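**Student:** Okay, handing you the structure first.
The values are calculated or read from the model by the stated rules, or taken from the named source; none is laboratory data. Small disclaimer: the values here were computed from a predicted structure and weren't measured. Note that we place each Cβ from the backbone using ideal geometry, even for glycine, and neighbour counts take in every protein chain shown. Just so you know, the surface numbers come from the protein's heavy atoms only, side chains and all, with ligands and any DNA or RNA stripped out. Shrake-Rupley method; radii C 1.70, N 1.55, O 1.52, S 1.80 Å.
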Amino acid sequence: KPLTTAGVVEVAKKIEREKRAAEPKPAPDLAAVPASVRCEVGTAIALPLDDDSVHLIVTSPPYGVGIEYEDSGDIQAALWPNFMHRWLTEAYRVTAEGGRLALNVPLDTTKGGYRAAYSEAVQAAQDAGWTYRSTIVWEDGQMGKSNARGSVDSQAAPHIYAPVEMIALFCKERWGRTPPCPPDLDHVLWLYWTNGLWRFSGESRSWEGHPAAFPLELPLRLVQLLSFPGD
């Protein structure tokens with residue numbers, strides 16, 4: 001069926017959107033970062049930080065699902081719990097009493113065998129000394145990550161997939177903190193973000209070639225909600 005003029009325009013727009021989406025994002029302009037911000041590249045198993053010096057850690061570790069990272073490859077699924085325990089122990093060392101950890105991991109995965117990744121991560125954090133507080137369910141809208149639903153229209157072997165990731169929240173010793181300065185969190189955002197079901201898109205384009213970048217919205221919310229200015 002021939003396209004109308006409007007149809008041709010819409011197809012052209014669609015092609016242009018897909019072309020832009022495929023382009024890598026530019027790296028952040030580090031020249032615009034305040035002088036007080038310290039940027040380092042290293043290993044989370046040996047952090048260049050003093051004991052009891054960190055108020056908030058926001059992180060999403062390798063999941064052990066076969067994603068190849070530039071420097072180290074990925075973690076084998078069978079070794080993932082031990083890997084998690086090692087870096088979580090180091091993270092606990094550098095965190096101050098009352099400091100917090102926001103840990104983004106998948107609910108589960110079929111890569112490297114059927115694994116309850118979230119459950120394994122929570123257990124590893126607790127074994128490393130962290131106190132569990134609560135969990136945010138992040139609906140990232142990326143159902144396309146798994147189109148296989150098992151046996152079609154049959155009870156033989158259905159595969160259930162939840163298009164969500166988890167953000168587990170932990171603290172060191174205690175959750176409550178005495179504000180070191182006046183809080184600056186907007187009331188509307190406070191109401192919105194303390195609802196434990198977050199809905200926003202995952203990252204469709206990597207930047208700096210990172211194979212598993214998460215969207216800016218994720219750390220932005222967590223940093224504003226869980227830390228004070230000056231932390």
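**Student:** Taking amide hydrogens as modeled 1.01 Å from N in the peptide plane, which residues meet the under 5 Å criterion relative to residue 214, leaving out close sequence neighbours?
**Tutor:** none
**Student:** Just check the stretch 99-139 against the gyration tensor rule for me: Cα atoms, a ≥ b ≥ c as the square roots of the eigenvalues, rounded for a/c under 1.5, and otherwise prolate or oblate depending on whether a/b exceeds b/c.
**Tutor:** oblate
**Student:** Here is a further query. Kindly sort 43, 135, 95 by accessible area of their heavy atoms, largest first, with the probe set to 1.4 Å.
**Tutor:** Reading off the accessible areas and sorting them downward yields 43, 135, 95.
**Student:** Can you send over the solvent-accessible area of residue 53, 1.4 Å probe, protein chains only, in Å² to the nearest 10?
**Tutor:** Estimated to the nearest 10 Å², residue 53 gives 60 Å².
**Student:** I would also like to ask the following. Show 181, 39, 171 ordered by accessible area, largest first, where the area counts protein heavy atoms only and the probe is 1.4 Å.
**Tutor:** 39, 181, 171
**Student:** Tell me the chymotrypsin sites (Phe, Trp or Tyr not before Pro) within the stretch 74-145 that lie in a loop according to DSSP and have at most 15 other beta-carbon atoms within 10 Å.
**Tutor:** Those that pass, being in a loop and sparsely packed, are 114.
**Student:** Would you mind computing, in nm to one decimal, how far apart the modelled labels at residue 194 and residue 41 are, each placed 7 Å from Cα along Cα→Cβ?
**Tutor:** Distance between label points: 4.1 nm.
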